[in-house]
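Let me begin by presenting the structure, written as structure tokens, before commenting on it.
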Amino acid sequence: CCGHPGCSYAGLRFPDTHPKPSPPLPGSGSANPASAKRPVLLFIGLAAAPGCLPDWRMLSLFGVGAVLMRGAGCTINDMWDRDYDRQVARTASRPLAAGDISTFQSLVFLGGQLSLALCVLLCLNYYSIILGAASLSLVVTYPLMKRITYWPQLVLGLTFNWGALLGWSAIRGSCEWSVCLPLYFAGVMWTLVYDTIYAHQDKRDDIMIGVKSTALQFKEDTKQWLSGFSLAMLLSLCMAGMNCNQTFPYYAAVAAVGAHLAHQIYTLDIDKPEDCWKKFASNRTVGILLFIGIVLGNLWKQKDLKNVEDPSENR
């Protein structure tokens, strides 16, 4: 039980009386709604020049790279967790856990994912290549964290949002830490929010098989922790916005995100897996709101620049 629908498969167990199709490979799932708007896309939007839309070539390149690396992380996760997955009803039908494919086949598939991701990485500048290569240790070790700490969601946040740093450096040539660190921290806090909610779906199975999570750590205090993470996320987004001279649409989007998270946490029922899934899935809205706010905020910058330049021209 990974804690991520992106790590699940579309594969179903078919009755033996019917021909059995080739099972999907691990890490090929793409159902993670929270990852539909990946942090890297937010960084690319924020790094755009004033008055300009995000670089669509970079958005496409990073979109492909994010899917590949996300998939590779899920493949690694499923290889580590195949014995655990067999003991959880929701994950027992995953190809590795079900024995539909071998560990060697998964390893070959992982090699393909990493090779394609490397091709994407080599399209970037040297700074970004080094920064991207540094994330591989996190990708490999994250799945082990649930065995040794109640904070695997924190490690996931550090891993999942690393690519966002690449988004900025790919556009600007290097990281501007006064912007990148607050935005990276905001992404980590966001991950703690939605993945803690997701982890509550599996808490009963996790207790039985000895898997740790923030859901088990926070228990009935979950909403207080989620509120704290959300507040830290919003403050960090504001700090990042101030350090890159963001404008009204950006802060309006941050306010809308705050309202969305407040409603999400207030109405959350941590003891109902279906409600946890619904709230988790609603985090797609957070990413969409932020991306729209960033794009409009950058376009608004050009308007502000014109307002500054016009008085001097009329003298």
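The values are calculated or read from the model by the stated rules, or taken from the named source; none is laboratory data. These figures come from a predicted structure and were not determined experimentally. Neighbour counts are summed over all protein chains in view; Cβ atoms, including those assigned to glycine, are modelled from backbone coordinates with ideal geometry. Remember, those area values only see protein heavy atoms, side chains included, never the ligands or the DNA or RNA. Shrake-Rupley method; radii C 1.70, N 1.55, O 1.52, S 1.80 Å.
A few comments on the model shown:
- All of ASP78, ASP83 fail the test of being out of contact with any Phe, Trp or Tyr (no Cβ under 7 Å at 6 or more places or on another chain), open to solvent by 60 Å² or more (accessible area, probe 1.4 Å), part of a helix (DSSP H, G or I) and of a type in the set (Asp, Glu), apart from ASP83.
- Condition check for ILE209: modelled with pLDDT under 90 and β-branched (Val, Ile, Thr): yes
- Between LEU121, LEU138, LEU192, the distinction of being closer than 29 Å to ALA89 by Cα, touching a Gly at 6+ places or on another chain (Cβ under 7 Å) and not polar (S, T, N, Q) belongs to LEU192 only.
For every residue, the table says whether it meets (1) aromatic (Phe, Trp, Tyr); (2) open to solvent by 40 Å² or more (accessible area, probe 1.4 Å); (3) at pLDDT below 90.
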{"position": "LEU68", "(1), (2), (3)": "no, no, yes"}
{"position": "GLY111", "(1), (2), (3)": "no, no, no"}
{"position": "CYS119", "(1), (2), (3)": "no, yes, no"}
{"position": "TYR126", "(1), (2), (3)": "yes, yes, no"}
{"position": "PRO152", "(1), (2), (3)": "no, no, no"}
{"position": "VAL155", "(1), (2), (3)": "no, no, no"}
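- Elements of type helices (runs of 4 or more DSSP H) in the range 176-255, at least 2 residues being open to solvent by less than 30 Å² (accessible area, probe 1.4 Å) and of a type in the set (Ser, Thr, Tyr): 177-199, 222-243
- Any hit, the range 275-282, residues being open to solvent by 50 Å² or more (accessible area, probe 1.4 Å) and in contact with a helix residue (DSSP H, G or I) (Cβ under 7 Å, 6 or more places away or on another chain): yes
- Figure legend. Inter-residue proximity from the range 42-54: first residues closer than 19 Å to PRO182 by Cα, second residues of a type in the set (Lys, Arg) and in a helix (DSSP H, G or I), beta-carbon distance below 8 Å, spacing 6+ or different chains. Indicated pairs: ALA47/ARG172.
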